[in-house]
1. If I take R0 = 35 Å and measure r between the Cβ atoms of A172 and S34 in this structure, what FRET efficiency does the formula 1/(1 + (r/R0)^6) give, to the nearest 0.05?
2. Taking +1 at the Cβ of each Lys and Arg and -1 at the Cβ of each Asp and Glu, which of N94, I146, T113 sits farthest along the dipole of region 78-160 towards its positive end, judged by Cα position relative to the Cα centre?
3. Relative to a virtual label point 7 Å from the Cα of K137 in the Cα→beta-carbon direction, which members of region 42-67 show backbone nitrogen distances below 11 Å?
4. Can you list the GluC sites (Glu not before Pro) in region 57-162 that are in a DSSP coil and have 12 or fewer other beta carbons within 10 angstrom?
5. What FRET efficiency comes out for the pair A91/R124, r = Cβ-Cβ distance, R0 = 25 Å, nearest 0.05?
6. Which lysines have a Cα less than 22 Å from the Cα of K88, not counting those fewer than 8 places away in the same chain?
7. State the percentage of accessible surface on region 29-185 attributable to carbon and sulfur atoms; use a 1.4 Å probe and exclude ligands, DNA and RNA.
8. What is region 104-185's relative contact order, in percent, from Cα pairs under 8 angstrom and six or more apart in sequence?
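The values are calculated or read from the model by the stated rules, or taken from the named source; none is laboratory data. Predicted, not measured: the structure shown is a model, and the values here were computed from it. Virtual Cβ from ideal backbone geometry, glycine too; neighbours counted across all protein chains shown. SASA here: full protein model, heavy atoms, side chains in, ligands and nucleic acids out. Shrake-Rupley method; radii C 1.70, N 1.55, O 1.52, S 1.80 Å.
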Amino acid sequence: MHFLSRRGRHSCVAALCGFLLAGCALPQPAPALSAAQLKARAGYAELLQRVQQGDMSVDFSAFRIAGAIVAGSRISAVEVADRAALKKFMAESNPQAALDSSNRTLGLDYASTIAHFDAMMACRALNQPNEAAKHEKLLNALLDSIAKAGDGKTPETSYLAATTQEEYIFMALRLNLNPKGQQSL
């Protein structure tokens, strides 16, 4: 199964990887944003506004990628931490705290598939079916945008996942696969 190597998208993926890898260095003063980062930030803000107003005609692939770029290198770590918190809070029968945890991630990246999944589950536990349905609808649109990219059988028809957690949830919910272990740089 192939992720992140779709022909014709190398520049997008290279920009995303370069941006994410830049966060792995020792802390330094924040550099001025590049033209690509400024463009991603503007695109994300415009798409975010449309999505939050209920517009389901947006380019969800662009939304996912821009969201990951804007959230920066810390988004996967935040998703993992908030996912662990959600599991803890749900085990403690505290779905409101679980929802709050998911909302923290959504505040950083509203295109986070894992955060929408977790928010959907917390809303169901809180007996908020309309909110759960909203998160489920967005989750499905985000996952559909990955599935439409290709079939994952070759590098030319690969899936494009913006974060590691996005890759995992896509594999679990759309491909019925349970990845073993964890990835890291």
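1. 0.55
2. N94
3. 52-57
4. E92
5. 0.95
6. K180
7. 55 percent
8. About 22 percent, as a whole number.
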